[in-house]
1. Can you give me the C-alpha center-to-center distance between the range 161-184 and the range 66-125, rounded to a whole angstrom?
2. What net charge do the residues around Arg57 carry, taking every other residue with its C-beta under 15 Å from that of Arg57, with Lys and Arg at +1 and Asp and Glu at -1?
3. Between Met140, Met42, Met51, which gets the highest mean-square fluctuation from a Gaussian network model of the chain, Cα cutoff 10 Å?
4. Mind pulling the angle between the C-alpha long axis of helix 145-156 and the longest principal axis of the chain? Nearest 10 degrees, somewhere in 0 to 90.
5. So which residue, out of Pro81, Pro125, Pro139, gets the largest mean-square fluctuation from a GNM of the chain using Cα contacts under 10 Å as springs?
6. Springs between alpha-carbon pairs under 10 angstrom, Gaussian network model over the chain: which of Leu157, Leu205, Leu46 fluctuates most?
7. To test your reading of the geometry: what angle, between 0 and 90 degrees and rounded to tens, separates the Cα axis of helix 32-50 from the longest principal axis of the chain?
8. At 1.4 Å probe radius, can you tell me the per residue accessible area of the range 98-215 in Å²?
Amino acid sequence: MTTSTTTSNVTVCDHPIVQHYLTRLRDYQTPTSDFRRIAIQMSRALVYEAMRDLVAREAGVETPLGPAKGVVLSDYVVIAPILRAGLALAEAAQEIVPPNARVYHVGLKRDEATLQAISYYAKLPDKLPAESKVYVLDPMLATGGSAIAAIQLFHNLGVKQIHLVCFLAAPEGIKKVHEKFPGVKITTGSIDSHLNEHGFIVPGLGDAGDRIFGT
Ligand code: PRP
């Protein structure tokens, strides 16, 4: 469905429709109602792209005209939205992943003075199958603090395959995530220029959570 460029575990989805959505999201004139709708469309495309790494095993199927080859998804899929802004991605992901996918919410708030991620909610199981595929969802990868805190939770549970999906990433955030977790895949709509002195992605799109929820 999508086109992409992948280097060292980072995939930038350069499909023109994704880039069109991203442009609308960047536009400061896009109102909340449109922003939220476009964010979900963008999420759907990025999650499709990220989930290319799912494993499907062969399984036959009967069409009205007879037998056909088919597949069935066999991975243990976990969706992990980082609250709040990751909820838009989770809504889209739940529409397209197998119905038995698990959703575990991770509540992290970035302290705007120190830029440290503060955990306020994490309701995770005691263990997950080691072969689980966890998709951590958050529109913004800025300093990387929030992503690393979320990834760490699943790493602590023994999960090896973790994939971060975001609309935008700063080079600083990608570097920090990969310094700590080199095996984590990242799928993004763009790698932007840099972080400003307040830790905001430039040019970015502003505060995704505020724009999705109108706050
Ligand atoms: C934003 C964003 C990420 C985080 C990125 O969330 O949605 O979760 O900051 O920054 P980082 O890479 O420097 O950690 P915020 O903390 O503003 O919370 P919100 O989603 O509730 O608005």
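The values are calculated or read from the model by the stated rules, or taken from the named source; none is laboratory data. Note that the structure is predicted; figures quoted are calculated from it, not measured. With ideal geometry, Cβ positions are generated from the backbone for all residues, glycine too; neighbour counts draw on all protein chains shown. Side chains included, ligands, DNA and RNA excluded: accessible areas come from the protein's heavy atoms. Shrake-Rupley method; radii C 1.70, N 1.55, O 1.52, S 1.80 Å.
1. 16 Å
2. For residues surrounding Arg57, the net value is -2.
3. Among Met140, Met42, Met51, the largest mean-square fluctuation in the Gaussian network model of the chain belongs to Met51.
4. 40 degrees
5. Its mean-square fluctuation being the largest, the pick is Pro125.
6. Checking each option, the largest mean-square fluctuation is seen for Leu157.
7. The answer is roughly 50 degrees.
8. Working: 5420 Å² over 118 residues.
Accessible area per residue, the range 98-215: 46 Å².
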